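> The structure's right below; bear with me while I get my questions together.
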Amino acid sequence: MKNNKVAEIVSLIFVAAEFAAFLIWGLNIQAGDEMGYGLIVIYGIMPLTSLILCAVLAAKKSVFLIPLGLLKILSHIFLPFFIYGTFEIGLSLVLSAIPCLIGSIIGFILHKVKSK
């Protein structure tokens, strides 16, 4: 049980640190670098970390899977708003909710295989 609590605390710290780092980086980008930032962070790193985070939490049967998954989805919705001033919920939901769902499915499968 202690290992599960450590994973939950580390996951929460990771989500908060990731959002803060991308927000600070995004607020300090130069003119003309917005496209690179969007491609790297919004379309690459954040969906990948959503998938990995949800897979790890689902494999550990964490009670924080849904709250941290929702926090990840909200951070993916609000980060472009803070950086670009646009509020596109549809694209942000697709880029964050689908990787969270896939990661959760992978995690539950890993948990079932490991528990057999």
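> Find all pairs meeting these conditions: Cβ atoms under 8 angstrom apart; at least six residues apart or on different chains; first residue within segment 1-26 and modelled with pLDDT of 75 or more; second residue part of a helix (DSSP H, G or I) and small (Gly, Ala, Ser).
Going by the 8 Å Cβ cut-off, the qualifying pairs are VAL15/SER75; GLU18/SER75; PHE19/SER75.
> Which residues, taken from segment 27-40, are closer than 12 Å to TYR84 by Cα, open to solvent by 90 Å² or more (accessible area, probe 1.4 Å) and assigned to a helix (DSSP H, G or I)?
Matches in segment 27-40: LEU27, MET35.
> Additional query: Could you tell me which of the residues SER96, SER92 is in a helix (DSSP H, G or I), open to solvent by less than 90 Å² (accessible area, probe 1.4 Å), among the polar types (S, T, N, Q) and modelled with pLDDT under 80? Write out each step before concluding.
Working: SER96 fails: modelled with pLDDT under 80.
Of SER96, SER92, the one residue that is in a helix (DSSP H, G or I), open to solvent by less than 90 Å² (accessible area, probe 1.4 Å), among the polar types (S, T, N, Q) and modelled with pLDDT under 80 is SER92.
> Out of all the residues in segment 101-110, is one or more on the phi < 0 side of the Ramachandran plot, in contact with a Gly (Cβ under 8 Å, 6 or more places away or on another chain) and not aromatic (Phe, Trp, Tyr)?
Of the residues in segment 101-110, the ones on the phi < 0 side of the Ramachandran plot are 101-110.
Narrowing further to those that are in contact with a Gly (Cβ under 8 Å, 6 or more places away or on another chain): 104.
Imposing the further condition that a residue be not aromatic (Phe, Trp, Tyr) reduces the set to 104.
Yes, segment 101-110 contains at least one residue that is on the phi < 0 side of the Ramachandran plot, in contact with a Gly (Cβ under 8 Å, 6 or more places away or on another chain) and not aromatic (Phe, Trp, Tyr).
> Right, ILE24: out of contact with any helix residue (DSSP H, G or I) (no Cβ under 7 Å at 6 or more places or on another chain), in a helix (DSSP H, G or I) and open to solvent by 80 Å² or more (accessible area, probe 1.4 Å) or not? Break it down into steps so the answer makes sense when it comes.
Details: out of contact with any helix residue (DSSP H, G or I) (no Cβ under 7 Å at 6 or more places or on another chain): yes; in a helix (DSSP H, G or I): yes; open to solvent by 80 Å² or more (accessible area, probe 1.4 Å): yes.
Here the answer is yes, as ILE24 does meet what is asked.
> Within segment 59-78, how many residues turn out to be under 19 Å from PRO47 (Cα atoms), in contact with a helix residue (DSSP H, G or I) (Cβ under 6 Å, 6 or more places away or on another chain) and not polar (S, T, N, Q)? Steps first, please.
Looking only at segment 59-78, we keep the residues that are under 19 Å from PRO47 (Cα atoms), and these are 59, 64-78.
Still in the running and in contact with a helix residue (DSSP H, G or I) (Cβ under 6 Å, 6 or more places away or on another chain): 59, 64-65, 68-69, 71-73, 75-77.
Subsequent filtering for residues that are not polar (S, T, N, Q) retains 59, 64-65, 68-69, 71-73, 76-77.
Counting residues in segment 59-78 that are under 19 Å from PRO47 (Cα atoms), in contact with a helix residue (DSSP H, G or I) (Cβ under 6 Å, 6 or more places away or on another chain) and not polar (S, T, N, Q) gives 10.
> Residues being more than 11 Å from the chain's Cα centre (by Cα) and either touching a residue at least 40 places away in the same chain (Cβ under 8 Å) or over 19 Å from TYR37 (Cβ atoms) (or both): count how many of those fall in segment 65-91.
Here is the first cut: in segment 65-91, the ones more than 11 Å from the chain's Cα centre (by Cα) are 65-67, 78-91.
Adding the requirement that they be either touching a residue at least 40 places away in the same chain (Cβ under 8 Å) or over 19 Å from TYR37 (Cβ atoms) (or both) leaves 65-67, 79-80, 82-84, 89-90.
So the answer is 10.
> Going through LEU110, LEU57, LEU70, LEU101 one at a time, which residue ends up being in contact with a Phe, Trp or Tyr (Cβ under 9 Å, 6 or more places away or on another chain), in a helix (DSSP H, G or I) and surrounded by 13 or more Cβ atoms within 10 Å (Cβ to Cβ)?
From the options LEU110, LEU57, LEU70, LEU101, the qualifying one is LEU57.
The values are calculated or read from the model by the stated rules, or taken from the named source; none is laboratory data. Fair warning: this is a prediction, and the values are worked out from it, not measured in the lab. Backbone-built Cβ (ideal geometry, glycine too); neighbour counts: all protein chains shown. Surface areas here come from the heavy atoms of the whole protein model, side chains and all, with no ligands, DNA or RNA. Shrake-Rupley method; radii C 1.70, N 1.55, O 1.52, S 1.80 Å.
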